[in-house]
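Peer 1: My structure is below; once you've seen it, I'll send some questions.
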Amino acid sequence: MNKTHIISSFILITIILFTSCNQKKSDSFDRKVDAILSKMTLEEKVGQMAQITLDVIGNGINRHASNEPFAIDTLRIRKAIVDYHVGSILNTTNNYALPPTQWNEIISFIQKVATKETRIKIPVIYGIDAIHGTTYTDGAIMFPQQITVAASFNPTNAYNMARVTAYETRASGIPWNFSPVLDLGADPRFSRQFEGFGEDPYLIVKMGEQMIKGYEGNSDSLQSPYKVASCLKHFLGYSVPISGKDRTPALIPQNNLIEYHLASFKAAIEAGAESVMINSGIINGASVHASYEIITKLLKQDLKFEGVVVTDWMDIINLHTRDKIAENNIEAIKLSINAGIDMSMIPYEYESFCDNLVTLVKKGEVKESRIDDAVRRILKMKMKLGLWERPVTNIKDYPDFGSEKFAHMAYESAADGITLLKNNNNILPLSKKIKVLVSGPNANSMRAMNGGWTYSWQGEKTDRFAGKYNTMLEAIQNEIGTSNVKYVPGVSYIEAGKYFEDEENKFNEAIAAAKTVDVVILCLGENTYTEKPGDLNDLTMSTNQLRLAREISKAGKPVVLVLTEGRPRCISSIEPLMSAVVQTYLPGNYGGDALSDILFGDVNPSGKLPYTYPSYPNSLVTYYHKPSEEQKRAEGAYVYESDYNPQYEFGFGLSYTTFEYSNLKISNKEFSKSDIIKIDVDVKNSGERLGKEAILLYTSDLYATITPDVKRLRRFNKISLAPGQIKTVSFEITDKDLAFVNTNNQWVTEPGEFEISVGGLKTKINYK
């Protein structure tokens, strides 16, 4: 036997042993779960399906105007856990981040009641929205939001964010995280676009896979005290409502739903995701929380998802109060549980949910076998997390909590994602020996850099917790000295107002100051928001901010526009007046430091847009639009054209160096089913600075039975090159990468020509 065969045999044996070990562990879990389930009453089973918010068992609801510390009410908690057998609790108290020691105390008390005072002694599973770091824990490391990580085109950043978040969430005593968001961010109007990985399905797949690995590790590592159960959000088609507003109806053709929206969830489930949260909205007239077709047939049967399906906030009740498909709450419960919901995020009136579901089972309107299936899934997730052996962790066992090591990862993610969109006459990087004016509402705000889900739901409390980090202004002052920096806001957000409300603040003083400096750094964008409060009526940036930009530009000094925003706000009226444009997205607590290092040349920018940046509110198309949306001017009896006019295209991003692409090589010009096409391209750093470049490989189906997309991203890789250095970058694709979903909702790769493009180079291949 030669060496290759020995290695192959070893790998095969290793795979068999690993699979066998995992199967034995899974079988062991199943036996233990069935043993517990066999002892449970109907009421105890139904209680496991109930999830309540923390304030229900404490004094948090009534503390809004006081400084009274949170305390668990012993009568309330015993009613919920002992009398009603509630199996899950979520959220923070009174919308505030808590120190990890307090989290440990709270969850220790909860688990003591659950494991000492109940008949079956099943531990509670606590869940939290730890979106870009451990949202509700004071002192945790806040990474950039997912959209900034997507712009890095470096999945390692997604893995690091998830790994650190898992560690610090478990340090808080919490084992379940409602993350990642895998929705397709194809509508820039949507209030939660910043929570996802952008508009491209393949980019979301690769980032999502790494998030699952960071949260959960390998399939057998959930019992690690450093891992959490992930929760995929929001199955399915949540992020593209017709109106652009959260939780409003969407119309998505079935073939588009499969091709563009499903892939990220499928990949994450295959990577081992333990739970899924359901879309709060309505697709094609069907409320998703009541859809047997989506929850049971598609998710549980077709995708073979064996984990827990949880609702979003109050969404069973919403079937009655909002969607009007259930005449009362009991009918709403019947519809959702029969559709396949396993756990209800109630979050307040749990007694009604539990009592009504028990009644439905006793009347035969919900089968007890459906209850058993749901509870089996919940118990198995708890068992995988090792909650019987370790119902709560202790902060003392987490020495890296809030560490410099973790902080560096967050900084690197921000620096890797910040995107240079314009740089006239190479105005950037700036000299460190100049005088600058820093202006705009986002210049001196930790809140604006972080976005929603930061220390509080809407992020409005961020500045109270993040004082030790540097705003953009403070980072620039640290970089070139306070004496060289003037700060006049010009426009400020109204602190007690809605996220979109701003006002003039020393406006004329800012205009005057612009005349006295060498360069203006103008920090515009959005204040914090998420979900329904983040709905908007106009994608154009605010009137006050646009006016500030126009007036400051009249000073005749170079203006560097720094954007800090959760979605691309239209800037076409001021963009020509700007010398440079830098998109930071929402870069987190270390975003100020990363931005300053980029502005002054300590770091070479390498981010690329993970979405199409629109020029106008009525010109919203993705990069993979149809050819009819990009028609050249036609002359004749009728003169018409179709403009494709984004401000900046998906995948666009500048550097302080230059890159040249050459020698695009294809292993085979003709191929058939299952053939592997190998693609090589040489990339050279032809400039004078060390730089990183994300190499994006696209394919175009030139003709198909339904109108093909102009192009689709199929592979990407980010590399670092020294000046003059050349690297050959290699990719592989197969016929499956060139497939689309036809009108019969089937994946097909049709014979014909395809174009492959990388860095402006193109070649054609033929599929037989």
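The values are calculated or read from the model by the stated rules, or taken from the named source; none is laboratory data. Only a predicted model underlies this, so the values are computations on that prediction, with no experimental measurement involved. Counting neighbours? That spans all protein chains shown, and the Cβs are built from the backbone with ideal geometry, glycine included.
Peer 1: Going through 490, 481, 451 one at a time, which residue ends up being closer than 24 Å to residue 188 by Cα, assigned by TED's automatic domain parsing to the domain that holds residue 542 and not aliphatic (A, V, I, L, M)?
Peer 2: Unique residue meeting the criteria: 451.
Peer 1: Answer yes or no: is there a residue in the stretch 141-162 that is among the β-branched types (Val, Ile, Thr) and touching a strand residue (DSSP E or B) at 6+ places or on another chain (Cβ under 7 Å).
Peer 2: yes
Peer 1: Please go through the stretch 400-413 and pick out each residue that is more than 20 Å from residue 523 (Cα to Cα) and either touching a helix residue (DSSP H, G or I) at 6+ places or on another chain (Cβ under 7 Å) or surrounded by fewer than 21 Cβ atoms within 10 Å (Cβ to Cβ) (or both).
Peer 2: Keep residues of the stretch 400-413 that are more than 20 Å from residue 523 (Cα to Cα), which gives 400-410, 412-413.
If the condition is that a residue be more than 20 Å from residue 523 (Cα to Cα) and either touching a helix residue (DSSP H, G or I) at 6+ places or on another chain (Cβ under 7 Å) or surrounded by fewer than 21 Cβ atoms within 10 Å (Cβ to Cβ) (or both), then 400, 401, 402, 403, 404, 405, 406, 407, 408, 409, 412, 413 are the ones that fit.
Peer 1: Tell me whether the stretch 314-324 contains one or more residues that are buried (at least 17 other Cβ atoms within 10 Å of the Cβ), in the same structural domain as residue 49 (by TED's automatic domain parsing), among the charged types (D, E, K, R) and more than 22 Å from the chain's Cα centre (by Cα).
Peer 2: Checked the stretch 314-324: at least one residue is buried (at least 17 other Cβ atoms within 10 Å of the Cβ), in the same structural domain as residue 49 (by TED's automatic domain parsing), among the charged types (D, E, K, R) and more than 22 Å from the chain's Cα centre (by Cα).
Peer 1: For the stretch 250-265, does any single residue satisfy the condition of being in contact (Cβ under 8 Å) with a residue 24 or more places away in the chain, within 23 Å of residue 370 (Cα to Cα) and either surrounded by fewer than 23 Cβ atoms within 10 Å (Cβ to Cβ) or touching a strand residue (DSSP E or B) at 6+ places or on another chain (Cβ under 8 Å) (or both)?
Peer 2: No: zero hits.
Peer 1: If you go through the stretch 480-494 one residue at a time, how many are surrounded by fewer than 21 Cβ atoms within 10 Å (Cβ to Cβ) and not in a strand (DSSP E or B)?
Peer 2: The number of residues fulfilling the criteria is 7.
Peer 1: Consider the stretch 244-284. How many of its residues are assigned to a helix (DSSP H, G or I) and over 17 Å from the mean Cα position of the chain (by Cα)?
Peer 2: So the first thing to find is which residues in the stretch 244-284 are assigned to a helix (DSSP H, G or I), and the list is 254-261, 263-270.
Still in the list and also over 17 Å from the mean Cα position of the chain (by Cα): 254-259, 270.
Qualifying residue count, the stretch 244-284: 7.
Peer 1: On the basis of being out of contact with any His (no Cβ under 9 Å at 6 or more places or on another chain), part of a loop (DSSP other than H, G, I, E, B), over 27 Å from residue 603 (Cα atoms) and touching a residue at least 24 places away in the same chain (Cβ under 8 Å), does residue 703 make the cut?
Peer 2: Taking the combined requirement at face value, the residue satisfies it.
Peer 1: Identify, please: which residue in the stretch 163-185 is of a type outside the set (Ser, Thr, Tyr) and touching a Cys at 6+ places or on another chain (Cβ under 9 Å) and is, among those, nearest to residue 409 (Cα to Cα)?
Peer 2: If we take residues in the stretch 163-185 being of a type outside the set (Ser, Thr, Tyr) and touching a Cys at 6+ places or on another chain (Cβ under 9 Å), then 180 is nearest to residue 409 (Cα to Cα).
Peer 1: Also: Among (1) surrounded by fewer than 21 Cβ atoms within 10 Å (Cβ to Cβ); (2) touching a Ser or Thr at 6+ places or on another chain (Cβ under 9 Å); (3) not hydrophobic (A, V, I, L, M, F, W, C), which single condition is residue 624 missing?
Peer 2: (2)
Peer 1: Taking the conditions exactly as written (of a type outside the set (Ser, Thr, Tyr) and either crowded, with 16+ Cβ neighbours inside 10 Å or free of Cβ contacts under 8 Å to residues at least 24 places away in the same chain (or both)), does residue 416 satisfy them or not?
Peer 2: When the stated conditions are applied, residue 416 passes them.
Peer 1: Test residue 459 against the stated conditions and say whether it is on the phi > 0 side of the Ramachandran plot, of a type in the set (Gly, Ala, Ser), crowded, with 20+ Cβ neighbours inside 10 Å and out of contact with any Pro (no Cβ under 9 Å at 6 or more places or on another chain).
Peer 2: yes
Peer 1: Count, please, the residues in the stretch 361-417 that happen to be small (Gly, Ala, Ser) and within 18 Å of residue 307 (Cα to Cα).
Peer 2: Within the stretch 361-417, the first condition is being small (Gly, Ala, Ser), and the residues that meet it are 364, 369, 374, 386, 402-403, 407, 410, 413-415, 417.
After this cut, where a residue has to be within 18 Å of residue 307 (Cα to Cα) as well, the list is 369, 374, 386.
Qualifying residue count for the region: 3.
Peer 1: Take the stretch 515-558 and flag every residue that is in a strand (DSSP E or B) and more than 14 Å from residue 583 (Cα to Cα).
Peer 2: 519, 520, 540
Peer 1: What about residue 717, is it in contact with a helix residue (DSSP H, G or I) (Cβ under 6 Å, 6 or more places away or on another chain) and surrounded by fewer than 19 Cβ atoms within 10 Å (Cβ to Cβ)?
Peer 2: Against the criterion (in contact with a helix residue (DSSP H, G or I) (Cβ under 6 Å, 6 or more places away or on another chain) and surrounded by fewer than 19 Cβ atoms within 10 Å (Cβ to Cβ)), residue 717 does not qualify.
Peer 1: Being out of contact with any strand residue (DSSP E or B) (no Cβ under 8 Å at 6 or more places or on another chain) and part of a loop (DSSP other than H, G, I, E, B) is the filter here; which residues of the stretch 198-212 pass it?
Peer 2: 198, 199
Peer 1: Name the pairs: first residue in the stretch 431-445 and surrounded by 24 or more Cβ atoms within 10 Å (Cβ to Cβ), second residue of a type in the set (Phe, Trp, Tyr), Cβ to Cβ under 6 Å, at least 6 apart or on different chains?
Peer 2: Close Cβ pairs (under 6 Å, with a partner that is of a type in the set (Phe, Trp, Tyr)) amount to 438/487; 441/493.
Peer 1: Separate question: May I ask you to list pairs of residues, at least six apart or on different chains, whose Cβ atoms are under 9 Å apart, with the first in the stretch 63-78 being under 25 Å from residue 351 (Cα atoms) and modelled with pLDDT of 70 or more and the second being among the charged types (D, E, K, R) and in a loop (DSSP other than H, G, I, E, B)?
Peer 2: 70/63; 78/117
Peer 1: Conditions: (1) surrounded by 15 or more Cβ atoms within 10 Å (Cβ to Cβ); (2) under 32 Å from the mean Cα position of the chain (by Cα); (3) in the same structural domain as residue 154 (by TED's automatic domain parsing). Residue 389 meets all but one. Number of the miss?
Peer 2: Among (1) surrounded by 15 or more Cβ atoms within 10 Å (Cβ to Cβ); (2) under 32 Å from the mean Cα position of the chain (by Cα); (3) in the same structural domain as residue 154 (by TED's automatic domain parsing), the lone unmet condition for residue 389 is (1).
Peer 1: Within the stretch 748-757, is there a residue that is on the phi > 0 side of the Ramachandran plot and in a strand (DSSP E or B)?
Peer 2: Keep residues of the stretch 748-757 that are on the phi > 0 side of the Ramachandran plot, which gives 752.
From what's left, in a strand (DSSP E or B): 752.
Checked against the condition, which is being on the phi > 0 side of the Ramachandran plot and in a strand (DSSP E or B), the stretch 748-757 yields at least one hit.
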